[in-house]
Every structure is written in structure tokens, then in C-alpha cells.
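The values are calculated or read from the model by the stated rules, or taken from the named source; none is laboratory data. Note that the coordinates shown come from a computational prediction; the quantities given were computed from them, not determined experimentally. Positions of Cβ are backbone-derived with ideal geometry, glycine not excepted, and every protein chain shown enters the neighbour counts. These accessible areas exclude ligands, DNA and RNA; they are computed on the full protein's heavy atoms, side chains included. Shrake-Rupley method; radii C 1.70, N 1.55, O 1.52, S 1.80 Å.
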Amino acid sequence: MALKTVALLHPGEMGAAIGACLRGRGLRVVWASAGRSAATRSRADAAGLEDLGALERALRVADIVLSVCPPHGALALAREVAGHGFKGVYVDANAISPATVRNIGRVLEAAEATFVDGGIIGPPPVPGVSSRIYLSGRRARDIASVFADSNLEAIPLEGAAGAASALKACYAAWTKGATALLAAIRALATHEGVEAALLEEWKRSQPELPKRSEVVTVQARKAWRWIGEMEEIAASFDAAGLPGGFHLAAADLYRRLEGFKDGTTAPALAEVTAAFRRGAPRRKAASGARRRSSAPPAQEETIPARFKFGTAAIKRDAAKRLRSLKRP
């Protein structure tokens, strides 16, 4: 079956650039404007996409559906497409976990569509900028051929659906996760009055970090898109038996930057770190401090004043504390 018409859902900054790449390859690229914003319409027009109005009309003519949307909407969009009876090739190119990808694949395949998993790495592929889309699944090579010689290099992987998204998750776990961590470190250093000293030390021992720690300012306007991505990465870690808390914290940090959404200029780092701290919950005492402050005086006296090393000593001290708590 020839793959000549692509329904692009939905042309945001990344999607519109990919649509332009496909048009440059001679494909017909359609989209559905119903319910979309004026900004989305403007991007689609600039990319030369053909507006068919309603989703069902776009699906009716499409050989391929390419889903490029915020991560939290990926499954709902797949269900909507499946509900219209689409039976072509569905490519999910969203930043989601392998588990979410497989769930989407089951939804589409139950509706008799063919599913291909995609993971995009790099900026929107505009002229002069090259990015990659990794693809996995039964027809990954067929979809890769659609992008041949365009600004978006398509790389098929040998694995089943989920492999491309796993690669994307691993990549973004570092790039976007590190951006959040470094910016949070700057916020902490500012709060404690040691930012200048930290920057001097970084210049001596980690010379790439001062500049790297300010990358968040350039990315702040699109940080809202990364909330769901960080949550999907956290789920990926959890599913592999690894702690996902770091990326849940990154999601929380990016959530605090939602006020910069669609800004026309990059905020100063001081504005970003202030936004981080404004969103912070009220500081609570450390759990150990809470336990000590709430313990009755008699119980406090049973806690040894000096730490005793060794497993046996720790067990004896724990037994003493337990006995004191059981006393009437």
C-alpha cells in the first residue's frame, strides 16, 4: 500500500515543522482545524498544510496518522482516532513511556490499524536544522522511507513498539532532567546566599555548568509541555524497578514555570528561580525533628545521647525505644 497522505495531529511548533518536511517530500499533509486555536491555525497555514476541518474528514483520506501532541493527550487522541475506524498506519511520536505506547498500540490494533512507535530527538526540523525520529514496530522501515532526504532523519530500530519511546525517555531523562536539576540548584544557592561562590567553584572544577545551569531560561516558555514528559519518564523508571522520584520532582519544577507559557522573550534566571520558590510548599521540619519534638520527656530520655556504632548496638537501641513506647 502506497503511503501518500498524512493526517498530522496536531500541528504545534514541532508538528508544523514535521508537516513542512513531509510536504517537501511531495506528500499530501492534511489536518483538522475543528477546536484548534488561532495559533495552531497560523502554524499550519505557514507550513502549507491542507485544512479539512473535521477529524473524520482528515482520517478518511489519510494513509498515515502522525500524532504529535502533549504527552498527557496521547492516549485520548489515539482512542478518538480508533473510534473513527481508522485502519491505516498510526505513528505516535509523543514523549511517553513504553508502557503508555504499548497501551496505545493495543487500542489502535484492536481497531485494525497498524501501529508504529516514534521518538523525536532534537528541535523542530526547520531548514538548516536536522533532528531525528526513531521508529519501532512492524512498519517502522516503511515509515522511515517517508522521511528520506528530509530535515528529519528517520532511524528504524529493531525492537517492537516501545523501543523508540524508551530511547527517547532515556535521552530526555538526562537532557531535560538535568536542566531542571541545575536550575533548582541555582535557586537553592540563591536562597542560601552562596550563588556567587558556587559559580566560582563551578568555573574552576565544572566549567560547563554555569552556562548549562541557565538553559532553563530559553526553555521556560515550553516547560509546560515537559510536565507530562517527566511524569512519563518517572513511570518508565518505576516500571523498570528503578526510583522515579527524581523526574516527578522535575515535573513539579516545570509545573511552576507554566506562567511563562508562550512568552515572546526568555525570562531572566532570577525570574525562573523565583517561580520555583513561589510554588514551593511551606517548609516542614525534618521527620526526625518532628518525632523528637512530639515525644514526651520520658521518651526523650530513652534516646541515647551518643550514637553507637555497629548493627548490634543499633538493634539494642531500637528495642529500648520500642519498649519505652509500649509503657503506659
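I'd like to know if the stretch 48-65 contains one or more residues that are under 24 Å from the mean Cα position of the chain (by Cα) and either open to solvent by less than 10 Å² (accessible area, probe 1.4 Å) or without any contact (Cβ under 8 Å) to a residue 24 or more places away in the chain (or both). There is at least one residue in the stretch 48-65 that is under 24 Å from the mean Cα position of the chain (by Cα) and either open to solvent by less than 10 Å² (accessible area, probe 1.4 Å) or without any contact (Cβ under 8 Å) to a residue 24 or more places away in the chain (or both).
In the stretch 123-156, the residue that is nearest to the chain's Cα centre (by Cα) out of those that are among the aliphatic types (A, V, I, L, M), more than 12 Å from Cys21 (Cβ to Cβ) and surrounded by fewer than 20 Cβ atoms within 10 Å (Cβ to Cβ) is Ile155. Of all residues in the stretch 13-34, those that are under 14 Å from Ala46 (Cβ atoms) have Cβ atoms under 8 Å from Cβ atoms of residues that are aromatic (Phe, Trp, Tyr) and open to solvent by less than 50 Å² (accessible area, probe 1.4 Å), 6 or more apart or on another chain, in Gly19/Trp31; Cys21/Phe147. Within the stretch 11-32, the set of residues being surrounded by fewer than 24 Cβ atoms within 10 Å (Cβ to Cβ), out of contact with any His (no Cβ under 9 Å at 6 or more places or on another chain) and part of a loop (DSSP other than H, G, I, E, B) comprises Gly12, Arg25, Gly26, Leu27. So, in the stretch 153-169, exactly how many residues are out of contact with any Asp or Glu (no Cβ under 6 Å at 6 or more places or on another chain) and assigned to a helix (DSSP H, G or I)? Qualifying residue count for the region: 5. In the stretch 182-219, the qualifying residues are those that are in contact (Cβ under 8 Å) with a residue 60 or more places away in the chain and buried (at least 18 other Cβ atoms within 10 Å of the Cβ), and the one that is farthest from the chain's Cα centre (by Cα) is Thr190. Look at (1) modelled with pLDDT of 95 or more; (2) within 18 Å of Ala270 (Cα to Cα); (3) open to solvent by 20 Å² or more (accessible area, probe 1.4 Å) and you find that Lys222 fails only one, number (1).
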